[in-house]
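Quick notes on the structure that follows.
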Amino acid sequence: MTEQLHGLYVRDLRVSFDGFTAVDGVSLDVAPGDIRFLIGPNGAGKTTLVDAVTGLVRATGSVRFGDRELLGRPVHRISRLGVGRTFQTSTVFEELSVLQNLDIAAGARRSWATLLRRRHGVPDEVAEALEVIGLAGRADQLAGTLAHGQKQWLEIGMLLVQDARLLLLDEPVAGMSHEERDATGALLEKVSRDRTVVVIEHDMDFLRRFARTVTVLHAGKVLSEGTVAQVQADPRVQEVYLGHPVDAAATPLEA
Amino acid sequence: MTTVARDPVTADPVPPPEKPAAGPSRHRYRAAVGFAFGAALLFAVAPLLLSDFRLSLLAKYLCVAMVAVGIGLAWGRGGMLALGQGVFFGLGGYAMAMHLKLADAGPGAMPDFMLLYGQLDELPLWWRPFASPWFALPATVLLPMAVAFVLGSLVFRRRVRGAYFAILSQALAAAMVILLIGQQGTTGGTNGLTDIQGFFGYDLDDPVNQRMVYFIIAGTLLALLALARHLMQSRYGELLVAVRDGEERVRFLGYDPATVKLVAYVVAAGMAGLAGALFVPAVGIISPALIGIVPSIEFVIGVAVGGRATLLGPVLGAVAVAWARTALSERFPGTWTYLQGLLFVVVVAFLPGGLASLIGLARRRDDGERPGLLRRLRRRAAEVSP
């Protein structure tokens, strides 16, 4: 339902570790239903930003999803507000089957009475997710035996059954083949119909094909923001990525 | 509602796994057969074959096995290395022994050791409720569960885990022993509560009554196994394994892992308490030496040897280790400690899944829930070779 589509609104977000400021006053808006790519050199603060949004690290400022403030809540409460994330390394439960992984992801709101009973059959939302992520034939296989790309899809499937309305994906296509990247991109487009998606990614080809909007982070700050074309044309971005502005008439840069 | 198309985004090039998982009916059938077999073994074969003396030893081992069932749940499935289960075993044991001592002494009288140490004019206040079986019997289970609840609530929310949790639980066992020994006048000190004569009106010296105690213990163990099996196969059991393997990930799915762990820990404590309570009529004594650090570790060794993540592994391991201990220390006194240490090291180093992973008692393997030993070895070999 479209009324469940919310945007992400970050205001003046700061995260410091022992005096080092990893995220330094970031403000950004992600429109409902957007596929926003976060890019930037290593250490730009991309993952830390996601960590702050999901409650893993302490931050100041404000992060709102829809009209709910996220900062200050514990991780599992933020998750229950519809914020789901994946990690750079796959974190599926390897000793459990694909079906069990999805069933657990679907169950955070289950009562103890339900938890203490055995699962019978496959819940509808899990069956649906199995189809969407293309693992229907592998429901009973151990997650640990999946190929790398399949694990990443399982992670995304877990976010779907978790009913996350905001998906924060940390390098979802790292290590994937071309075919797998295409499939992942198609998956993102499909899920963004009723969800807001934020992707951290280094793969520029993937970004050009699937990003709707892009935010470039550099040294904990927003360097540039806009469509792919706008960001690509931004001389400051070229400076950061290539070491010098392609256009000689460059704007002055902060170090 | 989510509106997602039904067509798969990705073509799946590999065929689905060749072996479909066993259906619930087959599960249940096999479990029923297993339980019938276990019951026949415990209720018919063992009493027929074993002498009274051996049968009372078996009763003792089965009490250890009850503790093991709980550790299998908390450690094997939940990843909490509970190195201090002696505390809960002891709480249950002392609660039962206090009641039996008071019953032995008769209404209004004081237990013999209190008169012996002679400093008390009347029964201490905290002993009094244990005169009633209606208080003492539930207390054998609820007291350990309550202590585990308080401890677990404090510890799991603060994200104490791994070795820190193990050390903490062990420190608790040490503290409890020190407390018991220090309060000799009211706890019997190092001697513990000894020379228990009767069990709800039945004379424990009578072999017939000893058999009755054995049957109660065997029945209780089967009931605890059924409970553990149900928990492991419920959604909660799956969630518990998920917490064991990825506590942070579970948090990001919207669960509070502390609550999930707490439940398994409290259930394990209740099982240990019940085991301690039944240990008392079977053996006739409870003392600090039976519940301290060393016995706490021995509980865990049996579980590790048998296979901590399986249902039957902990039980068989606990019985086997306890039996080996008796058999070997009868013949070669003094060597058992070394053998036990060696056994633990060998199992942890070479057979982390315990004996269950060797002899195929791990039924999970057949269900495709877990790769078989061969496949795991092959995978490990593949990792090692360049």
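Couple of notes before you dig in:
- Residue in region B:110-119 that is exposed (fewer than 15 other Cβ atoms within 10 Å of the Cβ) and part of a loop (DSSP other than H, G, I, E, B) present: yes
- Total residues in region A:107-119, condition within 24 Å of A:Leu8 (Cα to Cα) and more than 7 Å from every other protein chain (Cβ to nearest Cβ): 1
- Within the option set A:Phe93, A:Phe37, being among the aromatic types (Phe, Trp, Tyr) and within 11 Å of chain B (Cβ to nearest Cβ) holds for one residue only, A:Phe93.
- Test for A:Val122: is it closer than 19 Å to A:Ile156 by Cβ, in a loop (DSSP other than H, G, I, E, B), facing another protein chain (nearest Cβ under 9 Å) and at pLDDT below 95: no
- Put simply, of B:Asp195, B:Asp245, B:Asp256 the only residue that is under 30 Å from B:Leu120 (Cβ atoms) and among the charged types (D, E, K, R) is B:Asp195.
- Answer residue from region A:29-40, given it is in contact with an Asp or Glu (Cβ under 9 Å, 6 or more places away or on another chain) and under 13 Å from A:Leu223 (Cβ atoms) and is surrounded by the most Cβ atoms within 10 Å (Cβ to Cβ) among those: A:Leu38
Residue-by-condition table, conditions (1) at pLDDT 95 or above; (2) within 14 Å of chain A (Cβ to nearest Cβ); (3) surrounded by 10 or more Cβ atoms within 10 Å (Cβ to Cβ):
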| position | (1), (2), (3) |
| --- | --- |
| B:Met1 | no, yes, no |
| B:Thr10 | no, yes, yes |
| B:Pro17 | no, yes, yes |
| B:Ser56 | no, no, yes |
| B:Ala59 | yes, no, yes |
| B:Ala65 | yes, no, yes |
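- Residue in region B:246-262 that is touching a helix residue (DSSP H, G or I) at 6+ places or on another chain (Cβ under 8 Å), more than 14 Å from chain A (Cβ to nearest Cβ) and not hydrophobic (A, V, I, L, M, F, W, C) present: no
- Scanning region A:157-181 for residues being over 14 Å from the mean Cα position of the chain (by Cα) and more than 9 Å from chain B (Cβ to nearest Cβ) gives a total of 6.
- When B:Ile178 is tested against (1) touching a Cys at 6+ places or on another chain (Cβ under 9 Å); (2) surrounded by fewer than 17 Cβ atoms within 10 Å (Cβ to Cβ), only condition (1) is not met.
- Condition met for B:Val260 (β-branched (Val, Ile, Thr) and either without any contact (Cβ under 8 Å) to a residue 12 or more places away in the chain or surrounded by 24 or more Cβ atoms within 10 Å (Cβ to Cβ) (or both)): no
- The set of residues in region B:150-198 being within 24 Å of B:His99 (Cα to Cα) and charged (D, E, K, R) consists of B:Asp195 alone.
- Single match in A:Val75, A:Val132, A:Val26, A:Val63 (criterion: crowded, with 20+ Cβ neighbours inside 10 Å, farther than 19 Å from B:Tyr255 by Cβ, at the interface with chain B (Cβ under 7 Å from one of its Cβ atoms) and of a type in the set (A, V, I, L, M)): A:Val132
- When B:Tyr265 is tested against (1) touching a helix residue (DSSP H, G or I) at 6+ places or on another chain (Cβ under 6 Å); (2) within 14 Å of chain A (Cβ to nearest Cβ); (3) farther than 30 Å from B:Ala131 by Cβ, only condition (2) is not met.
- Test: residue in region A:141-149 that is more than 9 Å from chain B (Cβ to nearest Cβ), under 18 Å from the mean Cα position of the chain (by Cα) and either of a type in the set (A, V, I, L, M) or surrounded by fewer than 21 Cβ atoms within 10 Å (Cβ to Cβ) (or both): yes
- Residue tally, condition of a type in the set (Phe, Trp, Tyr) and either closer than 17 Å to A:Leu116 by Cβ or at pLDDT below 90 (or both), over region B:247-261: 1
- Yes/no for B:Gly273 being over 26 Å from B:Leu172 (Cβ atoms), of a type outside the set (Ser, Thr, Tyr) and crowded, with 23+ Cβ neighbours inside 10 Å: no
- Given (1) more than 7 Å from chain B (Cβ to nearest Cβ); (2) under 20 Å from B:Arg244 (Cα atoms); (3) of a type in the set (Val, Ile, Thr), number of the condition A:Ile104 does not satisfy: (1)
- Strands (runs of 3 or more DSSP E) fully within region A:1-78 that include at least 1 residues being over 30 Å from A:Arg209 (Cβ atoms): A:8-17, A:20-30, A:60-65.
The values are calculated or read from the model by the stated rules, or taken from the named source; none is laboratory data. Because the structure is a prediction, the values reported are computed rather than measured. Quick reminder, even Gly has a Cβ in these numbers, built from the backbone with ideal geometry, and neighbours come from all protein chains shown.
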